[in-house]
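Asker: My structure is below; once you've seen it, I'll send some questions.
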Amino acid sequence: MYFMRHIASVSLILSILGFWQPTLAEPGNILPWRKQETPAPWAKNKCAGGFLEKFRLSGEINHPRTFTLQKLTELRDAVKTQNPSTVTEITVSFQTGSGPRTETYYGVPLWDLINNEKAGGGLEPRNPGQNTKNAFLRQYILVEATDCYGAVVAVGEIHPNFENKSVLVAFAKKANDGTVQLLTDEGFARLVVPGDRAGGRYISNIRNIVVLSAPPSPLEIKDFRYP
């Protein structure tokens, strides 16, 4: 009897002190692995994938814009009128998961999409680092698809004074019969990166093109070791 009274007293003390834990069967007890059953509203359908009729150009540029097929084709025509030598058609070969492909694409150079006054209006570096010389060389373009797949192109790759690579945002390609057809299974716009052996950066179903700057190096002088 004394033993039972002793147990009851200990239980009462623990309850008062807050050490008595509810059992898994008690109402209101939320299991840790069940807390995320309901996704946050902003996460719902975030990476749904599939066809999209527009994409957003934003980030470190002067004029963020949204592009549809009509606006993209109008920009291509304007760029070609301003400079007839601008590359808006390119034939590329690249490796895919189903084998090699060779395609001829038509579109707007990524450089002109960002810098033309009728489009992005030019680069605007906002995180130039401690040394601001050639700050644009710290910038890069993140291209994202509707399924959240993404890839990066450095500004130095497409800058006319550096690699000057003719990266396109394409909206059409040449069909087997030689006619030009709009993209369908690739979204209305896709990225084309000539020179890449694999097609990993050939982003289809583009939804976002964002210009960003590399952050300052996290390394300090003490992190460098010299022999």
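Asker: Name the residues whose placed amide hydrogens come within less than 5 Å of the amide hydrogen of residue 159, ignoring near sequence neighbours (fewer than 5 apart) on the same chain.
Answerer: Here 164, 165 satisfy the definition.
Asker: Over segment 92-214, what is the relative contact order in whole percent, taking alpha-carbon pairs under 8 Å and six or more residues apart?
Answerer: Reported relative contact order: 31 percent.
Asker: Going 7 Å from the Cα of residue 164 toward and past its Cβ, which residues in segment 195-211 have a backbone nitrogen under 18 Å from where you end up?
Answerer: Counting only backbone N, you get 195.
Asker: Ok, one more. Within 10 Å, count the other beta carbons around each residue, average over each peptide in 76-89, 158-171, and list them highest first.
Answerer: Per-residue mean Cβ counts within 10 Å order the peptides as 158-171, 76-89.
Asker: From the phi angles alone, apply the Karplus equation (6.51, -1.76, 1.60; θ = phi - 60°) to segment 90-98 and give each ³J(HN,Hα) in whole Hz, x where the residue is Gly or Pro.
Answerer: With coefficients 6.51, -1.76 and 1.60, one gets 8, 9, 10, 10, 7, 8, 10, x, 9 Hz.
Asker: Between residue 185 and residue 95, what is the spin-label point distance in nm, taking each point 7 Å from the Cα along the Cα→C-beta axis?
Answerer: 2.1 nm
Asker: Name the long-range amide H neighbours of residue 189: under 5 Å, sequence gap of 5 or more, or other chain; modelled H, no Pro or chain starts.
Answerer: Placed amide hydrogens put 205, 206 under 5 Å from residue 189.
Asker: Which ³J(HN,Hα) values, rounded to whole Hz and listed in residue order, are derived for segment 64-74 from phi using the Karplus coefficients 6.51, -1.76 and 1.60 in 6.51 cos²θ - 1.76 cosθ + 1.60 with θ = phi - 60°, glycine and proline given as x?
Answerer: Karplus-based 3J(HN,Hα) across segment 64-74 equals x, 8, 10, 10, 10, 4, 4, 5, 5, 5, 5 Hz.
A short reminder: the numbers here are calculations on the coordinates, not readings from a lab. Computed from a prediction, not measured in an experiment: that's the story for all the values here. Quick reminder, even Gly has a Cβ in these numbers, built from the backbone with ideal geometry, and neighbours come from all protein chains shown.
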